[in-house]
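The values are calculated or read from the model by the stated rules, or taken from the named source; none is laboratory data. Small disclaimer: the values here were computed from a predicted structure and weren't measured. Because the Cβ atoms are built from the backbone with ideal geometry, glycine has one as well, and the counts that use them run over all protein chains shown. The protein model used for the area step is the full one, side chains on, heavy atoms only, and it has no ligands, DNA or RNA in it. Shrake-Rupley method; radii C 1.70, N 1.55, O 1.52, S 1.80 Å.
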Amino acid sequence: MIVSEKISRNFTIFAEKECVGSSRLYECLSYEVAKDDAILELSSHIPQDQPKPNLLFASVQYLLNNSSSAELRSYYPNFVSNAKNPEVAFPHFKTFCLEHWDALISLFQTKLVQTNEVRRCAYLYPIFTGIYAKHKKPLTLIEIGTSAGLQLGLDQYAYQYNEGSIYGKTDSNVLIESTNKGMDLPESIKTPPVIRQRIGIDLHTNNVKNEDDVEWLNALIWPEHTDRRKLFNAATDVIQKLDIELIVGNAVELIEDIVKQVDEDSIICVFHTHVANQIPLVQKEQLVKNLKTISQEREIYHIYNNLFDADLHRDYFYKELCEEHIFERPDGHARWFTWS
């Protein structure tokens, strides 16, 4: 299959699997991009390890933020109050892309898809409260693919499941709402975990105090997702006040050295959500091997999805002990999940 056919298929799958019921604008644009040679050629400049639809659309939205006169803006609900019909947006999208060809390629080479989906804390929170309740020790959170580290502040947010009671830090300005389609959540959610250290690792970290970084992270949020944007902006205010160590580098290579600096009286929790699809298979396997090596000296949890399958996993390693718990695949934006 030639390159353009592969890229075309990427956009078709993105429309069918990711956009339906979530972003009508990106759904319509994706189907049209899949048929357009010029935009497929443009998309071919996106690095192989990056999701092409996400990076193309985020880059366009990033440029649109400072292009107030562009006609294309009138199709984006986050830019105008009464957005035009997305079914006829593509000609304007194509024109904008052709006019900003070089700027877009520059963004492809310098930016990464690093979505900070704060709502994913909805299913991480009960997992971490359960770990804290079991061991009765503070937790050290180590997030792989952390971007700006918003999920590292999960104990500082409030949570509401199925429109019920509010848990977590109930007076927080960040209220995360999600639907649990599975079993009742554990009693542990009534007690927020104590976090000893917060460490984030990424090939490129984003600083919530840097205006350009925040603009890019906002551009990664889909146009119709007003609630996601509201959560993101509220969470950045919280994160600015926390002591978070952000480390630039390859987590697979650095994880063993980082753990050596972790407080010995804490439980290590390495986690990542919707990141591993960007990690080569050989490095995925090496990551698991490195974590098992660490477990010969320290108790360690590994919470993740998209490593070898789409399900959500909570693995516990200590010496020869290995306990695995698998949850069904949650919604990509954590609008729902299934507790088990």
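Please determine whether any residue of the stretch 38-61 is in contact with a helix residue (DSSP H, G or I) (Cβ under 7 Å, 6 or more places away or on another chain), at pLDDT below 95, of a type in the set (S, T, N, Q) and open to solvent by 30 Å² or more (accessible area, probe 1.4 Å).
The answer is no; no qualifying residue exists.
Any idea how many residues of the stretch 309-322 are outside any strand (DSSP E or B) and farther than 20 Å from SER340 by Cα?
The qualifying residues number 2.
Listed residues VAL288, VAL238, VAL252, VAL282; which is open to solvent by 70 Å² or more (accessible area, probe 1.4 Å), of a type in the set (A, V, I, L, M, F, W, C) and not in a strand (DSSP E or B)?
VAL282
Which one of these is closer than 21 Å to LEU139 by Cβ, of a type outside the set (Phe, Trp, Tyr), open to solvent by 10 Å² or more (accessible area, probe 1.4 Å) and not in a helix (DSSP H, G or I): ASP257, ASP263?
On inspection, the qualifying residue turns out to be ASP263.
If you check ILE13 against the conditions, is it farther than 22 Å from ARG229 by Cβ and open to solvent by less than 50 Å² (accessible area, probe 1.4 Å)?
No.
Consider only pairs whose beta carbons are under 6 Å apart and that are at least six residues apart or on different chains; among these, list those whose first residue lies in the stretch 253-270 and is farther than 15 Å from SER295 by Cβ and whose second residue is at pLDDT 95 or above and open to solvent by 80 Å² or more (accessible area, probe 1.4 Å).
Sorted first by the residue in the stretch 253-270, then by its partner, the pairs are ASP263/ARG196.
Within the bounds of the stretch 147-162, is there any residue that is open to solvent by 10 Å² or more (accessible area, probe 1.4 Å) and at pLDDT below 95?
no
So is ALA103 among the aliphatic types (A, V, I, L, M) and buried (at least 18 other Cβ atoms within 10 Å of the Cβ) or not?
No: the conditions fail for ALA103.
Out of THR95, THR140, I need the residue that is surrounded by fewer than 19 Cβ atoms within 10 Å (Cβ to Cβ), out of contact with any His (no Cβ under 8 Å at 6 or more places or on another chain) and among the hydroxyl-bearing types (Ser, Thr, Tyr). Which one?
Values: THR140 fails: surrounded by fewer than 19 Cβ atoms within 10 Å (Cβ to Cβ).
Of the residues listed, the single one that is surrounded by fewer than 19 Cβ atoms within 10 Å (Cβ to Cβ), out of contact with any His (no Cβ under 8 Å at 6 or more places or on another chain) and among the hydroxyl-bearing types (Ser, Thr, Tyr) is THR95.
Could you say which residue among VAL270, VAL275, VAL259, VAL288 is modelled with pLDDT of 95 or more and within 18 Å of the chain's Cα centre (by Cα)? Let's see the steps before the verdict.
Details: VAL275 fails: modelled with pLDDT of 95 or more; VAL259 fails: within 18 Å of the chain's Cα centre (by Cα); VAL288 fails: within 18 Å of the chain's Cα centre (by Cα).
Going through VAL270, VAL275, VAL259, VAL288 in turn, just one is modelled with pLDDT of 95 or more and within 18 Å of the chain's Cα centre (by Cα): VAL270.
Out of the residues in the stretch 291-308 that are open to solvent by less than 50 Å² (accessible area, probe 1.4 Å) and not in a loop (DSSP other than H, G, I, E, B), which is farthest from GLU143 (Cα to Cα)? Before you say what the answer is, go through the steps one by one.
So the first thing to find is which residues in the stretch 291-308 are open to solvent by less than 50 Å² (accessible area, probe 1.4 Å), and the list is 291, 294-295, 298-307.
Right, trim to not in a loop (DSSP other than H, G, I, E, B) and you get 291, 294, 300-304.
Details: LEU291: 13, ILE294: 16, ILE300: 13, TYR301: 12, HIS302: 10, ILE303: 10, TYR304: 10 Å.
The residue in question is ILE294.
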